[in-house]
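A.B. asks: Here it is, the structure, as C-alpha cells.
The values are calculated or read from the model by the stated rules, or taken from the named source; none is laboratory data. Everything numeric in this text was worked out from a predicted model, so none of it was measured. Note that we place each Cβ from the backbone using ideal geometry, even for glycine, and neighbour counts take in every protein chain shown. Surface areas here come from the heavy atoms of the whole protein model, side chains and all, with no ligands, DNA or RNA. Shrake-Rupley method; radii C 1.70, N 1.55, O 1.52, S 1.80 Å.
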Amino acid sequence: MRSRHLAIVGDVVYPAVALAIGLLCWWAVAALGNVPSFVLPSPTAVGSQLLENSALYAENAIRTLEKVVYGGSVGVLAGFVLAVLVAYLPWFRTAVYPSLVAVRVLPKLAIAPLLLIYLGTGTTTAVVFIALITFFPLVLNTAAGLDRASSAHHELLRSVDAGFLERVWFVDLPYALPDVFAGLKQSVTLAVVGAVVAEWVIADDGLGFLVLIGSENVRPDVMLAALVVLLLEGIALYGGIVLAQRGVQQWLGFGSTGRR
Amino acid sequence: MISLEDVTVAFDGFTAISNVDLRVEQGEFVTIVGPSGCGKTTLLRTIGGLEEPTSGRVRIDGRSPEAAQTNADIGFVFQQHTLFPWKSALENVTFLRKTAGNAPEADAARALLRSMGLEGFEDARPKELSGGMKQRVSIARALHLDADVLLMDEPFGELDEITRDELGVEIRDLWRRERKTVVFVTHSVPEAVFLADRCLVMCGQPGRIEATFDVDLPEPREEDVFGTRSFQEQVAQVRQTLHENYA
Ligand SMILES: Nc1ncnc2c1ncn2[C@@H]1O[C@H](COP(=O)(O)OP(=O)(O)O)[C@@H](O)[C@H]1O
Ligand SMILES: [Mg+2]
C-alpha cells in the first residue's frame, strides 16, 4: 500500500518538477539572457497576455473547438460507417480498401488549398477539411478491429443460431473497441492540427488564426499564448477520449487497464 | 439421438468425408479417434450444423441440425476455448445461454463452475486462468446451455497429459450424472477408450468410419482404470486398427 501511494505521488511529482524546470529555463533565458521580448517573451509576459485578453482567447478557443468537434464528429461517423461496410461487404472491401490504404500515405493537410477553391473560405470549409483528415485513421483502425474476432468465436454463436447483429454486437464490436479508440486518438490529434491549418488557410478566426496574426505583427507573446491554449485544448480532447475508453471498457468488463 | 445417413461432405471438389452412416443413442458417449486430416472435425461440424452435407442426411432427435441449433440443443466445445477475454468466467458461462434465448441462471452456472473445480474463480478473466481452467469454463458454458447433445472437438488437445487425464475423469463423471448425448473427437487413443461407451475409428482420405469398439470398463471410471490390463488391451486393439488402416 505504501509503495503504491509513493508511486502515485511520483507520477504527479516528477512530471510537475520537470515542467517547472522547463518553465524556469524559459524564464531564465528570456529574463536573464537579455533576449529581446519580441524574440522570446518570458513566461510571465505570456501569462499576463493571456489574462489581460482572456475573453479574446476564450472566444477563439471556442471557435477552434467548434471546428474540431463538428469536423471530427462528421469524419469519425463517416469513417465508422465506411469501416463497417469494408468489414462486412466483401465486394466493397475489394473495391475500396486498396485505395484507402494507398491514400493513407498522402499528407492530407495538402488538400486544404484545394478545398479553398471548391468551397471558399469559412467555417464550413474548415469543418469539411477536418472531417476529411479525421476520417482515415478511424476507417483503417476500425476495419482492422472488426476483423479481430476469430471464426471460432463466430461459430460458437452460430451453434446457438445467433444472428448477424448479435455477432456484431456481442463479439466483433467488443473485439474492435481498442482499435476504435486507437483510431479516435489519432483522429483527435489530427483534428487539432487540421483546425490550425484550416484557420491559416481557410478560416479567419480561432487559435490558429491568432497565431497567424501574432506572426504578422511580430507578437510572439500572442503566438505563444495562443499555443498554450491550443495545447490545453488538445490535452482536454485527448483526455476525454482516454476517459471515454476507460468508461466503456470498464462497463464491458475489460478491466481498468483498458488492455485486452 | 443423432443419426447420419450416407453423409458425404466435400469442399470445392475435395471430399473430406464420404458415405458416413452413424447412430448415436440418447445418453450415449461416443468418441471418434483418428489421425489428423481424416475428417473428424468435419464430421463433428456437420453433426452440429456448422457444415452442410454435400449429400446425405443428418438428424438430431428427428430434426435438422439447424432446428436443433435454434432450440439450443447443441453444445459445442472447440479445441480453442473461445472465451471472451473481457468477460469473467461466470459471464462467459451465462453468455451463451442468454444468446441462445434462454434466461441465464447465475446460481446454476456457479454450481457448474464449482463442480468443475473452479470455485473462487467465478470473477476471474480468462487471462488469469490456466489452459485447463479455461477449457473447464468452456465445458461449463456448453453444459449451462442445457443442450441434449454435446459435441467436443479435441477439447483437451492443447493441455498437458496430467490435466488431460484429470479432465477426462471429470467429463466422464459429469456425463454419468447428466446423461447427455456426447460425441467427443480426439487423436489420443487412451483418451478415446477411457471416455467412451463406444469408440469409432476414423481413417482414410476421404475419411470414413473404419471400425467400432464397444468399450468395456468399470464404472465409475477413475484414474486407476488407466493402469488396468483390460484398459490397456482395449487401447492396444484400437491402436492396431488405426495402424492397419493408416494409408
Ligand atoms: N473449410 C474447408 N475447406 C476446404 N478443406 C477443408 C475444410 N475443412 C476441412 N478441410 C479438409 O478436410 C480434411 C479433413 O479435415 P478435418 O475434418 O479438419 O480433419 P481432422 O479434424 O480429422 O484433422 C482435411 O484435408 C482438410 O484440409
Ligand atoms: Mg480436427
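A.B. asks: Specify the inter-centroid distance of the stretch A:127-196 and the stretch B:159-234, based on alpha-carbon positions, in whole Å.
C.D. replies: Cα centres, the stretch A:127-196 to the stretch B:159-234: 44 Å.
A.B. asks: What shape does chain A take by its C-alpha gyration tensor, where a ≥ b ≥ c are the square roots of the eigenvalues and a/c under 1.5 counts as rounded, a/b above b/c as prolate, and the rest as oblate?
C.D. replies: Oblate, since a/c reaches 1.5 and b/c is not below a/b.
A.B. asks: Pull up all non-local amide H partners of B:Met202: gap of 5 or more, or a different chain, and H-to-H distance under 5 Å with H placed in the peptide plane.
C.D. replies: B:Val33, B:Gly34, B:Glu210
A.B. asks: Express in whole angstrom the spacing between the alpha-carbon centres of the stretch B:1-54 and the stretch A:44-84.
C.D. replies: The distance from the Cα centre of the stretch B:1-54 to that of the stretch A:44-84 comes to 61 Å.
A.B. asks: Choose one answer from A:Leu77, A:Leu165, A:Leu177: the residue with the largest mean-square fluctuation in a GNM of chain A with alpha-carbon springs under 10 Å.
C.D. replies: A:Leu165
A.B. asks: Stokes-Einstein diffusion coefficient for the protein assembly as shown at 25 °C in a medium of 0.890 mPa s, Rh from the Kirkwood formula over Cα pairs: what value in µm²/s?
C.D. replies: 89 µm²/s
A.B. asks: Something else about it: Using a probe of 1.4 angstrom, how much of the accessible area of the stretch B:77-154 is carbon and sulfur, in percent?
C.D. replies: 43 percent
A.B. asks: To test your reading of the geometry: what angle, between 0 and 90 degrees and rounded to tens, separates the Cα axis of helix A:43-52 from the longest principal axis of chain A?
C.D. replies: 80 degrees
A.B. asks: Let me ask something else. Relative contact order of the stretch B:83-146, please, whole-number percent, based on alpha carbon pairs below 8 angstrom and at least 6 residues apart.
C.D. replies: 49 percent
A.B. asks: Report, in deg cm²/dmol and to the nearest 500, the calculated mean residue ellipticity at 222 nm for the protein assembly as shown, where each DSSP H run with n ≥ 4 adds -39500 (n - 2.57) and the sum is divided by the residue count.
C.D. replies: -19000 deg cm²/dmol
A.B. asks: Treating the angle as unsigned and between 0 and 90°, give the value, to the nearest 10°, between the Cα long axis of helix A:2-27 and the longest Cα principal axis of chain A.
C.D. replies: So the inclination is approximately 40 degrees.
A.B. asks: Across peptide A:156-168, how many C-beta atoms of other chains are within 10 Å of each residue C-beta, on average?
C.D. replies: Shielding by partners across A:156-168 averages 6.
A.B. asks: Right, here's the next one. What relative contact order, as a whole-number percentage, does chain B give when Cα pairs under 8 Å and 6 or more residues apart are counted?
C.D. replies: Relative contact order, chain B: 26 percent.
A.B. asks: Could you run the numbers on buried accessible area between B and A, total for both chains, 1.4 angstrom probe, in Å² to the nearest 100?
C.D. replies: For B against A, buried area totals roughly 1900 Å².
A.B. asks: For B:Met116, B:Met1, give me the order by solvent-accessible area with a 1.4 Å probe, most accessible first, ignoring ligands, DNA and RNA.
C.D. replies: So, going from the largest accessible area down, we get B:Met1, B:Met116.
A.B. asks: With a 1.4 Å probe and all protein chains in place, put A:Lys67, B:Lys98 in order of accessible area, largest first.
C.D. replies: Listed by decreasing accessible area, they come as B:Lys98, A:Lys67.
A.B. asks: How crowded by other chains is A:173-180, given as the mean number of beta carbons from other chains within 10 Å of each beta carbon?
C.D. replies: 1
A.B. asks: Less than 18 Å from a label point 7 Å out along the Cα-to-Cβ axis of B:Glu223: which backbone N atoms in the stretch B:101-141 qualify, by residue?
C.D. replies: Answer for the stretch B:101-141: B:116-118, B:132-133.
A.B. asks: Can you pick out the pairs among A:Lys67/A:Lys185; A:Lys185/B:Lys98; A:Lys67/B:Lys87; B:Lys40/B:Lys87; B:Lys98/B:Lys134; B:Lys127/B:Lys180 whose Cα atoms lie more than 28 Å from each other?
C.D. replies: In this structure, A:Lys185/B:Lys98; A:Lys67/B:Lys87; B:Lys40/B:Lys87; B:Lys127/B:Lys180 exceed 28 Å between Cα atoms.
A.B. asks: Let me ask something additional. Using Stokes-Einstein with the Kirkwood hydrodynamic radius over Cα pairs, what translational diffusion coefficient do you get for the stretch B:1-67 at 25 °C and a viscosity of 0.890 mPa s, in µm²/s rounded to a whole number?
C.D. replies: 202 µm²/s
A.B. asks: Right, next: Per residue, how large is the accessible surface of chain B? Use a 1.4 angstrom probe and give square angstrom.
C.D. replies: Accessible surface, normalised per residue, equals 41 Å².
A.B. asks: Translational D (Stokes-Einstein, µm²/s) of the stretch B:88-161 at 37 °C and 0.692 mPa s when Rh comes from the Kirkwood sum over C-alpha pairs?
C.D. replies: Rounded, D is 264 µm²/s.
A.B. asks: Another question, then. How far is helix A:90-103 tilted, in degrees, relative to the longest principal axis of the Cα atoms in chain A, given as a value from 0 to 90 rounded to the nearest 10?
C.D. replies: Here the helix axis deviates by roughly 20 degrees.
A.B. asks: Using a 1.4 Å probe and counting only protein heavy atoms, arrange B:Cys199, A:Cys25 so the residue with the most accessible area comes first.
C.D. replies: Sorted descending by solvent-accessible area, the residues read A:Cys25, B:Cys199.
A.B. asks: On to the next question. In a GNM of chain A with a 10 Å cut-off on Cα contacts, which of A:Gly208, A:Gly79, A:Gly239 has the highest mean-square fluctuation?
C.D. replies: So, out of A:Gly208, A:Gly79, A:Gly239, the one fluctuating most is A:Gly239.
A.B. asks: Points 7 angstrom from Cα along the Cβ direction at B:Glu161 and B:Met1: gap in nanometres?
C.D. replies: According to this spin-label approximation, the distance is 4.1 nm.
A.B. asks: Gain in length, A:Glu155 to A:Ala55, computed as 0.36 nm per residue apart minus the alpha-carbon separation, to one decimal in nm?
C.D. replies: Extra length available between A:Glu155 and A:Ala55 comes to 30.1 nm.
A.B. asks: Once you put a point 7 Å from the Cα of B:Glu52 and another 7 Å from the Cα of A:Ile213, both along the Cβ direction, what distance in nm separates them?
C.D. replies: With each label placed 7 Å out from Cα toward Cβ, I get 6.8 nm.
A.B. asks: Let me ask something additional. Whole number in Å², please: accessible area per residue of the stretch A:1-131, 1.4 Å probe, ligands, DNA and RNA not counted.
C.D. replies: Here the residues of the stretch A:1-131 average 64 Å² of exposed surface.
A.B. asks: Additional query: Of the residues B:Ala108, B:Ala196, B:Ala147, which exhibits the maximal mean-square fluctuation in a Gaussian network model of chain B defined by a 10 Å Cα contact cut-off?
C.D. replies: Highest fluctuation among the options: B:Ala108.
A.B. asks: Moving on. So, R0 is 60 Å and r is the distance between the beta-carbons of A:Ala244 and B:Gln237; what FRET efficiency does that work out to, to 0.05?
C.D. replies: The computed FRET efficiency comes out at 0.45.
A.B. asks: If you don't mind, another one. Please compute the volume of the convex hull spanned by the alpha-carbon atoms of chain B and report it per residue in Å³.
C.D. replies: Taking the convex hull of the Cα positions in chain B, it is 120 Å³ per residue.
A.B. asks: Relative contact order (percent) for chain A, with alpha-carbon contacts under 8 angstrom and 6 or more residues of separation?
C.D. replies: In percent, rounded to a whole number, it is 24.
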